[in-house]
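*Asks:* Sharing a structure, written as structure tokens. Questions coming.
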Amino acid sequence: MSSHEDHEEHKQPAKADTPEHGGAASAHAPAERNGSHGAVAVPDDDPFADPGLPPHQPRRQDIDERAARRSERTVALLFTTSMLATVGFIASYVAIPIEEIVYVWPVGHVSGLHFALGLTLAVALLCIGIGAIHWARTLMSDEEVSEERHPISAPEPVKARVIEEFKQGARESQFGRRSLVRRSLYGALGLVPLSGLVLLRDLGPLPEDKLRHTMWRAGTLIVNDATGQPLRPEDITVGSLTQARPEGLDEHDHDFPEEIAKAAVMLVRLEPEDIRDQRSAEWGYEGILCFSKICTHIGCPATLYEQQTHHALCPCHQSTFDLADGARVLFGPAGHPLPQLRITVNDEGYLEALGDFDVPPGPSFWERG
């Protein structure tokens, strides 16, 4: 029995088992159906009896082209809003500083960047979803069709019918006809992946040279890290180690942790005859040498100073640097010497830098040549 015939059979009105109908069977009375093994009796208490399909009720968009056009514009508006939200996601990622904090009621104080990224991405995805649902409920065909189950291995006629039904569904979806919906959907789906591409920026630093430079410039005064006062040569005694930083770097600045991690230095004073590296001696002033105090292994402060050997020790993994020999590595996992800062004395008698480090300070990084 075909699916259509089976459907028609169940659409027949139920007849009471009364004398007026000559004892005819009711809708759930036992009946016979042809199967592969002959007639099968269906009990009158079958809970899985096919109730049939209700008559199809056309929607307003099916009979009124103006209503269909309104639905089309609504769907296109949702897809366009998704595109604008994606553009807003990218713009927020580029323009809003990561340290900016904003007040959002009723959440409270939150990161402005995180709030903007979450809001714009949510709107972009939500509008695509709502637009697709509205499209399906108002413009695509909603007529229910029933058919009998068939073997998994479909014969060729069935395959041909499936292809034809797919083409028919494409026609009924009006995807080809509704060009405004089609184009706006392409735009929304095409822009949303850009959100993921933009996030690739955080996989590593941008191709810049910001890791190679610090706050040290020619003429920058060297100030004591503890007092913040400029240092004179007489403040540095032989055998002592003084921790210092560039003038203008305040601990209350928002970028202080980032800058101090690159610009922190230590000054030692050796007897000129004890300095074995000629270049290192020329970059100092009267035996005062200025080296980065950031260990070149993982960035710990290598400020444990052995006065007799002129060795600087990193307490984290025991990397040892010989300050009398250009701060070369004597022991430990550090990969290269501590960078040295070229210094001099200005007209007022204060120690100052003659430029930045000649090599990037701190641990190695993948961009380093």
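*Asks:* Just to verify a result, which residue in the range 217-233, among those that are open to solvent by less than 40 Å² (accessible area, probe 1.4 Å) and more than 15 Å from residue 346 (Cα to Cα), is modelled with the lowest pLDDT?
*Replies:* Looking at the filtered set, the residue picked out is 228.
*Asks:* Only one of 91, 95, 124 is open to solvent by 60 Å² or more (accessible area, probe 1.4 Å) and either in contact with a helix residue (DSSP H, G or I) (Cβ under 8 Å, 6 or more places away or on another chain) or under 30 Å from residue 258 (Cβ atoms) (or both); which?
*Replies:* Just a single option satisfies the conditions, and that option is 95.
*Asks:* With the requirement that a residue be surrounded by 12 or more Cβ atoms within 10 Å (Cβ to Cβ) and within 17 Å of residue 305 (Cβ to Cβ), what does the range 249-275 give you?
*Replies:* The answer is 264, 265, 266, 267, 268, 269, 270, 274, 275.
*Asks:* Being open to solvent by less than 80 Å² (accessible area, probe 1.4 Å), of a type outside the set (Phe, Trp, Tyr) and modelled with pLDDT of 80 or more narrows it down to one residue among 177, 171, 182, 161; which is it?
*Replies:* When all the criteria are applied, what remains is 182.
*Asks:* Report every pair of residues separated by at least 6 positions or lying on different chains whose Cβ atoms are under 7 Å apart, first residue within the range 234-248 and open to solvent by less than 20 Å² (accessible area, probe 1.4 Å), second of a type in the set (Gly, Ala, Ser).
*Replies:* 246/263
*Asks:* Let me ask something else. Whether any residue in the range 198-214 is modelled with pLDDT of 90 or more, closer than 30 Å to residue 242 by Cβ and open to solvent by 40 Å² or more (accessible area, probe 1.4 Å) is what I want to check.
*Replies:* No; the residues of the range 198-214 include none that is modelled with pLDDT of 90 or more, closer than 30 Å to residue 242 by Cβ and open to solvent by 40 Å² or more (accessible area, probe 1.4 Å).
*Asks:* Could you list all residues from the range 133-159 that are without any contact (Cβ under 8 Å) to a residue 60 or more places away in the chain, closer than 27 Å to residue 174 by Cα and either of a type in the set (A, V, I, L, M, F, W, C) or assigned to a loop (DSSP other than H, G, I, E, B) (or both)?
*Replies:* Hits for the range 133-159 are 133, 136, 140, 141, 145, 158.
*Asks:* Moving on. May I ask you to say which residue of 347, 356 is under 16 Å from residue 245 (Cβ atoms) and either part of a loop (DSSP other than H, G, I, E, B) or open to solvent by less than 10 Å² (accessible area, probe 1.4 Å) (or both)?
*Replies:* Of 347, 356, the one residue that is under 16 Å from residue 245 (Cβ atoms) and either part of a loop (DSSP other than H, G, I, E, B) or open to solvent by less than 10 Å² (accessible area, probe 1.4 Å) (or both) is 356.
*Asks:* Here are some conditions: (1) open to solvent by 80 Å² or more (accessible area, probe 1.4 Å); (2) part of a loop (DSSP other than H, G, I, E, B); (3) over 22 Å from residue 346 (Cα atoms). Residue 299 meets all but one. Which one does it not meet?
*Replies:* (1) is the only condition that residue 299 fails.
Yes or no, residue by residue, for (1) of a type in the set (Lys, Arg); (2) over 25 Å from residue 198 (Cα atoms); (3) in contact with a Cys (Cβ under 6 Å, 6 or more places away or on another chain):
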{"site": "46", "(1), (2), (3)": "no, yes, no"}
{"site": "53", "(1), (2), (3)": "no, yes, no"}
{"site": "64", "(1), (2), (3)": "no, yes, no"}
{"site": "69", "(1), (2), (3)": "yes, yes, no"}
{"site": "75", "(1), (2), (3)": "no, yes, no"}
{"site": "83", "(1), (2), (3)": "no, no, no"}
{"site": "89", "(1), (2), (3)": "no, no, no"}
{"site": "105", "(1), (2), (3)": "no, yes, no"}
{"site": "108", "(1), (2), (3)": "no, yes, no"}
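*Asks:* Restricting the search to the range 276-296, which residues are assigned to a loop (DSSP other than H, G, I, E, B) and open to solvent by 40 Å² or more (accessible area, probe 1.4 Å)?
*Replies:* Listed by number, the residues that qualify are 276, 277, 286.
The values are calculated or read from the model by the stated rules, or taken from the named source; none is laboratory data. Not measured: the values here are computed from a predicted model. Heads up, the Cβs are rebuilt from the backbone with ideal geometry, glycines too, and the neighbour counts pull from every protein chain shown. Keep in mind that these areas ignore ligands, DNA and RNA; they rest on the heavy atoms of the full protein, side chains included. Shrake-Rupley method; radii C 1.70, N 1.55, O 1.52, S 1.80 Å.
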